[in-house]
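Asker: Pasting a structure here, questions to come.
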Amino acid sequence: QVQLVESGGGLVQAGGSLRLSCAASGTIFSGNTMAWYRQAPGKQRELVAAITSGSSTNYADFVKGRFTISRDNAKNTVYLQMNSLKPEDTGVYYCNLEWLNIRFWGKGTLVTVSS
């Protein structure tokens, strides 16, 4: 079993920055992909960014150039640096780890961007 714990959410003004962290623990196999998803009020959960164990990255178009995903494999931690935040970035951000089509989720951290 894998446990994921997110941190770093909070309230920030538009144009500001936040850095989210997600620490994974438990039985973690190499070759996994870690990702950040978000869910805005009344909307479906959507992919924000993903990173493989080899550090290949993938971003949703709406965050390209503003957000950066990174990971520290030695610490089993993934980060999301969020810059130039917009009110529409508001939502609960969830950490995800996927390995051989098995998915684990964190409980989420709330990000609120005020205008």
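The values are calculated or read from the model by the stated rules, or taken from the named source; none is laboratory data. A quick note: this is a predicted structure, and the numbers were derived from the prediction, not measured. No Cβ is skipped: glycine too gets one built from the backbone with ideal geometry, and neighbour counts run over all protein chains shown. Side chains included, ligands, DNA and RNA excluded: accessible areas come from the protein's heavy atoms. Shrake-Rupley method; radii C 1.70, N 1.55, O 1.52, S 1.80 Å.
Asker: If exposed means no more than 13 neighbouring beta carbons inside 10 Å and the site is in a DSSP loop, what's the longest run of the chain without any exposed trypsin sites (Lys or Arg not before Pro)? Let's see the in-between values first.
Answerer: On the way: sites that count: K43, K64, K75, K107.
The answer is 1-42.
Asker: Additional query: Please give me the summed charge of the neighbours of G16: other residues whose Cβ is under 13 Å from its Cβ, Lys and Arg +1, Asp and Glu -1.
Answerer: Working: positive: R19, R66, K86; negative: D89.
Its environment carries a net charge of +2.
Asker: Got a number for the accessible area of T90? Probe 1.4 Å, square angstrom, nearest 10.
Answerer: Rounded to the nearest 10, the figure is 30 Å².
Asker: Considering the chain as a Gaussian network with a 10 Å cut-off on Cα pairs, which listed residue, G42, G54, G65, attains the greatest mean-square fluctuation?
Answerer: G42
Asker: Then there's this: With θ taken as phi - 60° and the coefficients 6.51, -1.76 and 1.60, list the Karplus ³J(HN,Hα) couplings across the stretch 99-104 in order, rounded to whole Hz; mark glycine and proline as x.
Answerer: Once θ is set to phi - 60°, the couplings for the stretch 99-104 become 9, 6, 6, 9, 10, 10 Hz.
Asker: Accessible area per residue, 1.4 Å probe, Å², for the chain: what's the number?
Answerer: Working: 6130 Å² over 115 residues.
On a per-residue basis, 53 Å².
Asker: Another question, if that's okay. Please state the charge dipole magnitude for the chain, taken about the Cα centre, from unit charges on C-beta atoms (+1 on K and R, -1 on D and E), reported in debye and rounded to the nearest 20.
Answerer: Numbers: 11 positive and 7 negative charges, 11 e Å.
It works out to roughly 60 debye.
Asker: Quick check: the distance between the Cα centres of the stretch 58-115 and the stretch 19-52, to the nearest angstrom?
Answerer: Spelled out, the Cα-based centre of one part sits 6 Å from the other.
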